[in-house]
Structures are given as structure tokens and as C-alpha cells.
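For reference, the structure discussed in these notes is given below.
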Amino acid sequence: MRFRPSWLRRVLQVPVVPTLGLVHPDTLGPEIFEEVVAAARTGQMLPFDKERRWSATKSETVLVGEIVHRPDLTIIPTLNHRGTGMIKIHVYGPAEPDTTALRAATHRWCAGYGAATGRVIWFTPEPPPTDTATGTRALIKTFAQEDRSGAAERIRELDACPPSTQDTFVQLAQQVPETGLGFLCRRWREGRVDGPIFAAVDDGVVLGAIGPLAVMPDRDGAAVLLPQYFGVAPGHRGRGHGRALWRAAMAWGAWHGAHYQLLQAAAGGPSESLFCSEGLTTLGFTCAVAA
Ligand SMILES: CC(C)(COP(=O)(O)OP(=O)(O)OC[C@H]1O[C@@H](n2cnc3c(N)ncnc32)[C@H](O)[C@@H]1OP(=O)(O)O)[C@@H](O)C(=O)NCCC(=O)NCCS
């Protein structure tokens with residue numbers, strides 16, 4: 001499958017690539033889209049795919065035969081095999097898409113491919129109106145020398161904490177189910193994490209955590225700090241633990257040679273406000289509706 005560079009470039013507004021997610025803006029172009037489609041045909045995972053850290057096989061694949069590619073619109077459906085299955089329709093177009101028609105198409109694809117749920121996602125430079133779609137801000141953190149001094153006193157590496165403190169990590173994970181810290185806690189207990197987890201500890205109790213911290217080469221060989229699971233216990237928010245954890249993680253990234261990190265934050269949420277106040281650059285917004 002070849003993408004016409006002029007057709008695709010016209011509609012690429014935010015550097016999100018099907019099955020890979022957010023990529024460095026310099027990587028965005030027809031080539032990476034063609035690599036993702038080629039990977040779908042062979043079933044192989046691309047060498048720079050960040051999902052490698054968790055799995056040897058790719059869970060999401062492009063439905064190559066269903067791609068729509070026109071001068072002003074490219075639609076790329078993907079199927080995620082994990083759990084009960086999900087169809088995700090990536091819509092690259094100049095304006096707000098016709099979500100009614102796209103949701104109907106998603107229902108048909110869900111039925112055809114045996115997926116229980118579907119989503120339509122599209123990309124805009126501005127936040128979406130909150131009543132029509134959920135929005136996620138895409139951001140990039142570019143590392144500087146100063147980031148090295150960001151480590152905070154009250155932040156500890158979880159593996160270096162006494163066992164009684166480590167035991168409280170599971171309680172934190174239970175309090176913030178939306179953060180993925182439950183998954184991280186399970187992997188950590190099994191010894192299957194690829195880097196350190198930092199914890200905000202008070203009186204021997206883990207109140208917040210960020211991790212695992214790991215760096216890998218991106219498509220062009222630049223070192224990227226991989227996304228972390230990140231959360232603070234609801235009863236202890238607003239006291240600086242989140243910012244301290246974030247700065248400690250960025251200090252780790254800077255010391256380990258990271259050039260940048262890509263992040264997504266729910267529009268209007270506390271992490272968006274935290275990341276913007278830390279000087280990260282906005283790359284645009286992903287808008288989504290359930291089908
Ligand atoms: C995001 C989160 C980790 C912040 O933790 P925290 O300990 O409350 O953060 P801090 O007290 O250090 O606050 C840091 C900044 O976050 C932002 N923030 C915190 N709470 C906020 C709120 N309720 N509304 C809006 N912004 C908020 C502010 O910018 C704040 O800076 P300020 O105090 O100078 O205004 C926490 O809210 C959380 O766990 N949220 C749920 C999970 C989540 O969103 N994880 C991030 C996924 S990317």
C-alpha cells in the first residue's frame with residue numbers, strides 16, 4: 001500500500017500513527033504509515049514500537065483492505081485483538097469528520113471482525129468542544145541539562161524502600177484504578193518491569209508513584225523516554241507529590257540520555273495542567289467518540 005505524500009501531508013495535523021500512537025513530529029510522513037501497513041501484512045512488530053517493552057507480539061493491527069485514501073481524507077481502521085477486541089478508526093481530514101457516518105461504519109467493522117467495541121478518533125490543532133468528544137492533549141518534553149537537577153528529597157526508588165513501605169504500593173494502585181498502576185504493581189511484583197519506579201513516600205506509606213523509567217531508540221535512533229504510569233492517592237493530591245514525582249522522573253531521563261518524551265493528557269484534567277506548567281510543548285489534540 002502506497003500513500004500519496006501530497007494527500008497525506010495535507011491532513012496530518014497531529015503526529016499520531018495508527019498502532020504506534022504518538023511519534024516525534026519529525027518522523028511524521030508517508031514512510032512511517034507505509035511501515036505500519038507493511039508490519040500489519042507480516043505480523044511483525046516494528047523495532048521502534050514502544051509496545052515491545054510489554055509484549056513480544058503486537059496486539060493492534062491495521063485493517064489494510066479497509067483503508068480509505070483520498071485527496072482530502074485518509075481513514076485507517078485498526079483491530080486490537082486484546083480482550084474482547086476493539087476497532088479504532090483513525091480519521092485524517094481537514095475538518096471535523098462526519099461522526100454519525102463513521103460510527104455506523106465502525107459498527108459494521110466491529111460486527112465483521114468480531115470486536116466488542118469501537119472508537120472513532122481524529123486530530124485537531126485545537127481542543128475539541130467537550131460536549132461532543134473526549135479530548136486528549138498530545139505533548140512533547142524535550143530534555144535539557146537543567147532537568148538533571150530535578151530530583152526531590154521525598155522521592156524514593158521503590159526497590160530501595162523497606163519491605164513494609166513496598167507493601168503499601170498495592171494500596172495506592174487500588175485507590176487509582178484509572179492510572180494503570182494496578183497493572184504496573186502486578187508486573188513489578190513478578191519482577192517484569194524494565195526500569196525503576198519512583199515513589200512519593202510519607203511516614204512509610206507510598207502516596208504516589210511514577211514508572212517504570214526506561215529509554216529506547218526511536219525510529220531515527222534518538223533516545224526517547226518511554227511513557228510512565230503515574231498517579232497520586234486521591235486523599236493526598238494538591239500537595240506537590242505529583243510535581244515532585246514528575247521532576248524526579250525527568251531528572252532520571254536526563255541522566256540516562258533521553259532526548260525527549262511524548263505524552264498524552266486528558267484535556268481539562270490535572271495532568272494536563274501539570275505538564276503545561278512544566279513547559280511541555282503541545283503537539284495538538286486527539287478527539288474520540290465511542291461507536
Ligand atoms: C496528575 C496527578 C498525578 C497530580 O498529582 P498531585 O500530587 O495532585 O500534583 P501536585 O500537587 O504536585 O500539583 C501539580 C500541578 O498539577 C495540577 N493540578 C493538580 N491538581 C489539580 C486539579 N484538581 N485541577 C487542575 N490542575 C491540578 C496543577 O497544575 C498543579 O500545580 P499548582 O499546584 O502549582 O497549581 C494527580 O492528580 C493524579 O493522580 N491524577 C489521576 C491520574 C492521572 O491523571 N495521572 C497522569 C496520567 S498522564
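A few notes on this one:
- When only Cα pairs below 8 angstrom with a gap of at least 6 residues are kept, the chain shows a relative contact order of 22 percent.
- Kirkwood hydrodynamic radius over Cα pairs of the chain, then Stokes diffusion coefficient at 25 °C and 0.890 mPa s, in µm²/s: 121
- FRET E, pair Q145, M45, Förster distance 41 Å, beta-carbon r, rounded to 0.05: 0.75
- Projected label distance in nm at D26 and R189, using a 7 Å step from Cα toward the beta-carbon: 4.3
- Nearby lysines by direct alpha-carbon distance to K141 (threshold 19 angstrom, same-chain neighbours under 8 apart not counted): K50
- Positive-end ranking of L263, F169, C287 along the dipole of the chain, with charges on Cβ about the Cα centre, is headed by C287.
- Taking other C-beta atoms within 10 Å as the exposure proxy, E126, E272 rank E126, E272 from fewest upward.
- Stretched out straight at 0.36 nm per residue, the stretch from E157 to R82 would grow longer than its current Cα-Cα span by 23.9 nm.
- Ranking of I89, I210 by count of other Cβ atoms within 10 Å, fewest first: I89, I210
- Crossing angle, helix 241-255 versus the chain [Cα axis fit, 0-90 degrees, rounded to tens]: 80
- Between A38 and R2, the modelled label-to-label distance comes to 1.4 nm, taking each label 7 Å out from Cα in the direction of the beta carbon.
- Across the stretch 5-138, the mean sequence separation of Cα contacts (distance under 8 Å, 6 or more residues apart), normalised by length, yields a relative contact order of 21 percent.
- Within the chain, helix-based [θ] at 222 nm, where runs of 4 or more DSSP H residues each add -39,500 (n - 2.57), nearest 500: -8000 deg cm²/dmol
- More than 22 angstrom apart: percent of Cα pairs within the stretch 69-164: 54
- Centroid-to-centroid separation of the stretch 260-284 and the stretch 3-75 [C-alpha atoms, Å]: 23
Computed from the coordinates by the stated procedures, all read-outs in this text should not be read as laboratory data. Since this is a predicted model, take the numbers as computed values, not measurements. Note that each Cβ is placed from the backbone with ideal geometry, even for glycine, and that neighbours are counted across all protein chains shown.
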